[in-house]
1. Work out from phi, with θ = phi - 60° and the Karplus expression 6.51 cos²θ - 1.76 cosθ + 1.60, the ³J(HN,Hα) of each residue of the range 22-27, listed in order in whole Hz, and give x for Gly and Pro.
2. If you average the sequence gap of Cα pairs under 8 Å that are 6 or more apart and divide by the length of the range 3-112, what percent do you get for the contact order?
3. At 25 °C and a viscosity of 0.890 mPa s, what translational diffusion coefficient does Stokes-Einstein give for the range 3-112, taking Rh as the Kirkwood radius over Cα pairs? Give it in µm²/s as a whole number.
4. With n ≥ 4 as the cut-off for DSSP H runs, can you work out [θ] at 222 nm for the chain, using -39500 (n - 2.57) per run divided by the number of residues, rounded to the nearest 500?
5. Just want the ordering: R70, R2, from fewest to most Cβ atoms lying within 10 Å of their own Cβ.
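Read-outs throughout are calculated quantities, based only on the coordinates presented, and are distinct from any laboratory measurement. In this text, all values refer to a predicted model and were calculated from it rather than measured experimentally. Virtual Cβ from ideal backbone geometry, glycine too; neighbours counted across all protein chains shown.
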Amino acid sequence: MRVLIVEDNEALAFMLSEYLKDSNVAADFAKNGKDAVAMVELTEYDLILMDIYMPVMNGFEATSKINLLRPNTVIIAITSSNERLELERMKAMGAKDFLIKPINKEKLTTAVLKNMVFPI
């Protein structure tokens, strides 16, 4: 399974990759939405973990663009807010689900298993 972690916080990105590594899943990284869109143009990912607020291009815009490029890609939004309108907006852009920070291995695994066609 190919995973792209789009997160400007390097410590969180590393932590998420470590959680996935336990399931023998390797991850690629993007520090902002613009880089993520460029990577998705070149590579097909099964799963994208997308931070909502990042510099250069935020997760709303990146998710919308990625959904046009690869509509079958599972995108799970990552946010520190549980504001309903924000989460609904992200789903409207194409995210399948969301994770609210802080994220632990159990929350990540549950979200991935819930949204993937095949388990990790």
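1. After applying 6.51 cos²θ - 1.76 cosθ + 1.60, I find 4, 9, 6, 10, 9, 10 Hz.
2. Relative contact order for the range 3-112 comes out at 23 percent.
3. Stokes-Einstein gives a translational diffusion coefficient of 182 µm²/s.
4. Value at 222 nm, helices only: -13500 deg cm²/dmol.
5. Details: R70 17, R2 14.
Lowest count first: R2, R70.
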